[in-house]
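Chemist: Sharing a structure here in structure tokens format.
Please treat every number below as a calculation from the coordinates, not as lab data. Quick caveat: nothing in here was measured; it's all calculated off a predicted structure. Neighbour counts run over all protein chains shown; Cβ positions are idealised from the backbone, glycine included.
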Amino acid sequence: MHFLTLSLSLSLPPLIFFFHWSLFSDRMHYAAAYNKVDAIETLATLGASVEALDNDSVTPLMMAVQMGQIAAMDALHREGADVHAKDKDGVQSIHFAAAYDQFEALNKLLMYGCDVDSRDDDGWTPLFWAAGNGLTFMVTKLYNLGADIDATGNDEINIASPLKLAQKQGHEDVTRLIKSWHLEEL
């Protein structure tokens, strides 16, 4: 009976339903990735955890953030998903939003109470992730939200700041942008 309910709410034929499940650690991750709000609510009602972890310790909320699935994010948040949960490397949902250039997801996470300068296990803030990926507009948004452009990471990885990371990765636009902010401060 649960299979029929979930199959209908996911709008997938049973064969595809089973094929797709094999790509995710559980049904909640699948529902989050594909923005299946009804499935998230049904699964939560049936006792499935909104904090389920995949093999990399990624939660369904992190999956929804990566995919830019705002309705799924809202549903998971309503069901009690922890917006501060960390994966195996201490990376939080807000880092994923910055790394995957998900502006709307970033805004939602800030509304949910995330900190624009949250740090992962390497001491990286979301600004590090955006700068390291050369995401000029995300870097600008984070700066405008008050992100610390002088944040420092852990020395073990030899990346002292978002500026140095952008330089190391060859992201000239981001490098110029961050340097211009430093000049404005003088």
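Chemist: With only Lys, Arg, Asp and Glu charged, each at its Cβ (+1 for the first two, -1 for the last two), find how big the charge dipole of segment 117-167 is about the Cα centre; round to the nearest 20 debye.
Modeler: Dipole size: approximately 300 debye.
Chemist: Let me check against my output: what whole-number percent is the relative contact order of segment 86-150, with C-alpha pairs under 8 Å and at least 6 apart?
Modeler: 33 percent
Chemist: Taking θ = phi - 60°, what integer Hz values does the Karplus form 6.51 cos²θ - 1.76 cosθ + 1.60 yield along segment 89-95, in sequence order, with x for Gly and Pro?
Modeler: 9, x, 7, 9, 3, 5, 5
Chemist: Please check which bits of segment 75-109 a label hung off Glu41 would reach, taking the label as a point 7 Å along Cα-to-C-beta and the cut-off as backbone N under 12 Å.
Modeler: Correct set: 75-76, 78-79.
Chemist: Let me ask something else. How big is Rg to Rh over segment 115-186, alpha-carbon atoms, Rh as the Kirkwood inverse-mean-distance radius?
Modeler: Radius of gyration over Kirkwood radius for segment 115-186 works out to 0.93.
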